[in-house]
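Here is the structure we will look at.
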Amino acid sequence: MRIFDADRQEWVGHEQERRIAELHDRDAVRQGKALRGAVTLLAVCGLAFGTWALGWKDEPGPKGYLTVMKQPARGGDKNTEGDTAAPSPSGVPPAPYEEVSDGEGYRLAVPRGWVRQLVEPPEGFNVVNYRSPEGDRRLQVYRVGESSPYASLRMWLDETSKPAGFDQLAPLKRADDDEGRPTARLDYVADAFKGEPDTGTWHVIDHRFESVDGNLYALAVYGSDEDGRDDEEAFMSTALEWFCPPDEICPAPNPS
């Protein structure tokens, strides 16, 4: 008697049927073992994956190089932590002065609107004048060639003719500046100066000094004596603070 082997898709006899049955039994055993092995393998793999995943989760994250910039606080966020007040302007002369890079190489602080004049004498150094529009105030700067600031002013007092109505207000002063460089100062009044408008009595401060380049310079401020002398003192203070000689790089003064 033949039977049909559905697995092999063929008809077989009795002897073959017996052999097929044995083969089926053997295959069933093998399949069972294989199934149990596969289940065991999957279980082991699952356990290993779980252990690895837990270990990876606990490791520190990768290091990056992206810098997160802190967003600036809006104008209305007054209580934002870390905010600082905006610094006051620096590097700018006080009003009404402005910084001037003069054609002779000087850095100066001059009131806005003043007019520059250059005097080129036959001998000696050029003289730079800045005058107010009305002509009643003046800043003068030039280099001097004497051995010291004091010697320069002493020679002017002893050897030159004085303007009309000249009156020395205090003894000639000499001192060292904050950096230990020599200075000298002459305070006086005069009734008139040649070529200048008749505005009444003039008050003059003539300050001569050694600058950062080792050369000697003169700064002189002229103003009316009728309105007091404090304005010339303030003018001279600003002029000295902002003065820088030619071919030098000087830091801007700190705001007061």
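Taken about its Cα centre, region 103-234 carries a charge dipole of about 340 debye when Lys and Arg each add +1 at the Cβ and Asp and Glu each add -1 at the Cβ. Using a probe of 1.4 Å on the protein chains alone, the accessible area found for residue 167 is around 80 Å². Inverting the pair-averaged 1/r between distinct Cα atoms of region 195-253 gives 13.0 Å as its Kirkwood hydrodynamic radius.
Converting the Cα gyration tensor eigenvalues of region 95-214 into ellipsoid dimensions via √(5λ) gives semi-axes, longest first, of 22, 21, 15 Å. Excluding ligands, DNA and RNA, the accessible surface per residue across region 183-256 is 45 Å² with a 1.4 Å probe.
Determine the sum of side-chain charges near residue 189: Lys and Arg each +1, Asp and Glu each -1, restricted to other residues whose C-beta is under 10 angstrom from that of residue 189.
On the way: positive: 229; negative: 167, 187, 191, 225.
Residues close to residue 189 contribute a combined charge of -3.
Here the simple spin-label model places points 7 Å from the Cα toward Cβ, and for residue 247 and residue 118 these points are separated by 1.7 nm.
Placing pseudo-labels 7 Å out from each Cα toward the beta carbon at residue 160 and residue 101 gives an inter-label distance of 3.1 nm.
The values are calculated or read from the model by the stated rules, or taken from the named source; none is laboratory data. Treat the numbers as computed from the prediction; the structure is a model and nothing was measured. Heads up, the Cβs are rebuilt from the backbone with ideal geometry, glycines too, and the neighbour counts pull from every protein chain shown. Protein only, heavy atoms only, side chains kept; ligands, DNA and RNA dropped before computing areas. Shrake-Rupley method; radii C 1.70, N 1.55, O 1.52, S 1.80 Å.
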